[in-house]
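Here's the structure, in structure tokens; my notes come after.
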Amino acid sequence: MSTVRSRALALGLVAAFVIPGGAEAQVPDQSVEFHDVSSLVESRRPAQLRSWSSPLRRPGAGQGRYGEWMGSPLSRAYLREEVRFMDEDQLVELIQMMGGEMWEEDGTAIGVMNASTLYSRNTPENLRSVQVLLDALRHIEGRRIRLEVDVLVLSSSAVRSLVGRGATTLDDEARQALLGLEGVRLLSSGTHDGPVGEMMSLVDRNWTAYVSDYDVEVAQKAWVADSLVSVLETGLEVAVRSCPRISGDGIQLEFTTDDVGRKASWRQAATSEDVGNVSLPSVSFSQAFSSVVVPKGHTAVVWSGNSTEGGFAYLVRPRIVDPPASDSAGSRWIGSGEFRLGVFPAHTLVSARADSALPSQFRNGVALVDPDSDMWGEDDEDRDPAWRLDEDFVIETLYENTGGQSWDEMGPSIFWSNGYLYVIQKAEHLVSVERLLQRLEKQVTAGSYSVTAELWMLTADSAKAIGSGTVSGESLQKMRTDGELVWAAQVSTLSGSTSQLVQGSEQSYLRDYDVEIAQESTLADPVIDSYLTGGCLEASVNVRGAGMIELRSRVQLARSEREPTRFDLDAPRLGTIELPQVQNTDIGGSTLMKPGTSVTLGQRTIGNKRLLVVVTVR
């Protein structure tokens, strides 16, 4: 049934207000009502996530290495265009479809004016049904998800206490136990409400100016070293997209955490005798992307750290906040006629799958690189996101497997709007639709799993005793008692999706000199560069038969055992350069395993010891 366009709407207005005794005399039982529907049809843009600029970027170096990576996977998948609960045409057509023949009478009219006001002309009884439908839609649109986000700093002892726990989510008792651990400190806490299915973000940023380099100009008989002031951007950002499950068994979360500069440190370095000092910052950073189903009253958690520097943890606790109940809010289906309206929050079926986007430097192994190369790989902003299910596929599946021949009658209909599926059908068929949607949801997101990676330094004999394949509980306990924890991390992932966690630091150093020579003057221009150390966990879980899962994981570790070695150049008017050393380990693979077990991902010999990587899935 087509929407009444502006001409029909204008005629209805004229009949109602301009022609005295005319149209009113022809249809004396009709009246006109106006409804504010701006909350239903207004267009809005979700909170924008801006990529971090490079913490240690050099002036003129553009966005820098770091910024290419820190753009959130959620940002790429969900922030491409404005969204709305439904558009004006959909709202009008929905009212017409629910009303049926009542909109075919002479003199009736309906439409939206100024993208905010619904105009309807009909009998008072029919207009009351319009009011009931609008109240029900406002109740659905007004539903919010409240997020409580806690950022924790972990001591080395707290990190060791967390190893081996591995719960996908925490109930209130486990959450309080974590907060009460010795060496756990609350860094920040925030609460935010937002619409179902849309992205919310909590942001806290700071900027510090410092002398990062010199722009050297050499003329025929003179030179000048112009100091360059850069800005170090530090802070925290948490972005969360959440939606309730169709099955009602919890809230599905996808969240990205970005933390830069919590442990920023500075040191002064002297360059050549002709150029002044520069500040060489060292900046810690972390990023995690995780997806998980959170049961009612539970909290999602990701963390990482080691036994020397400690680590961090993010706790995200969602809960649904319903608006005040209307007269129709308690009804399972909307309407009272033969055909009812069911509105299903089906974001979990058709939303973009915002998989992780590892920086190419960690993807290919950490190493010292040319300062002019693109360390972080190609920009992913224009890459099309992967979708879980096509909307048309879901509709066709419902047509073919529910309702039988009733879909051929006048009245039943299905359409999508902003992740909500609207189904007009008889009540008994709406029950079948709901059951099939729940089955589809279970197939699309078969479950959520926690993946914990532990990197332990052991003696060769201890590592040999543990061996490869499945690791017993006794071997795990011995490893955690005798070994040195190099790094550990935990993320959650939905079946079929990929999650990641990266923790490390970017350190600047005096790498070289570019010597400028003119006819009667020379100058050594210092070259400032940076290198990365840290760990990275990437994991995906796919359900296989016979109670087995396939784990695809990759663990990367870049370590520098000491500060860069200072080397004095034996040349006139040249200063000191620094020579960093970074050791890289990259272990990955695919294995079949049962949930609740641990496997050895790999071993590497480092000096006279063995680095053992163990991954546990729960």
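The values are calculated or read from the model by the stated rules, or taken from the named source; none is laboratory data. Every value quoted in this text rests on a predicted model; they were computed, and no experiment measured them. Quick reminder, even Gly has a Cβ in these numbers, built from the backbone with ideal geometry, and neighbours come from all protein chains shown. These accessible areas exclude ligands, DNA and RNA; they are computed on the full protein's heavy atoms, side chains included. Shrake-Rupley method; radii C 1.70, N 1.55, O 1.52, S 1.80 Å.
Structure notes:
- The H on the amide N of residue 228, modeled in the peptide plane, is under 5 Å from the matching H of 212, 213, 214, 215, each at least 5 residues off or on a different chain.
- Residue 515-residue 188 pseudo-label distance in nm [points 7 Å out on the Cα-to-Cβ vector]: 4.7 nm
- For peptides 591-598, 291-298, sequence by mean Cβ density within 10 Å, most packed first: 291-298, 591-598
- Projecting label points 7 angstrom from Cα along Cα→Cβ for residue 397 and residue 277 puts them 6.5 nm apart.
- Net charge of the neighbourhood of residue 293, taken over other residues with C-beta under 12 Å away and scored Lys/Arg +1, Asp/Glu -1, is 0.
- Highest average packing first - 278-289, 399-410, 333-344, 186-197, Cβ atoms within 10 Å: 278-289, 333-344, 186-197, 399-410
- Proximal charge balance of residue 412 [Cβ under 13 Å; K/R count +1, D/E count -1]: -2
- Across the protein chains, with a 1.4 Å probe defining accessible surface, the residues 113, 199 rank 113, 199 from largest area downward.
- Gyration tensor verdict on the range 123-272 (Cα atoms; rounded if a/c is under 1.5, prolate if a/b is larger than b/c, oblate otherwise): oblate
- Taking 0.36 nm per residue of separation and subtracting the current Cα-Cα distance, fully stretching the chain between residue 442 and residue 592 would add 51.9 nm.
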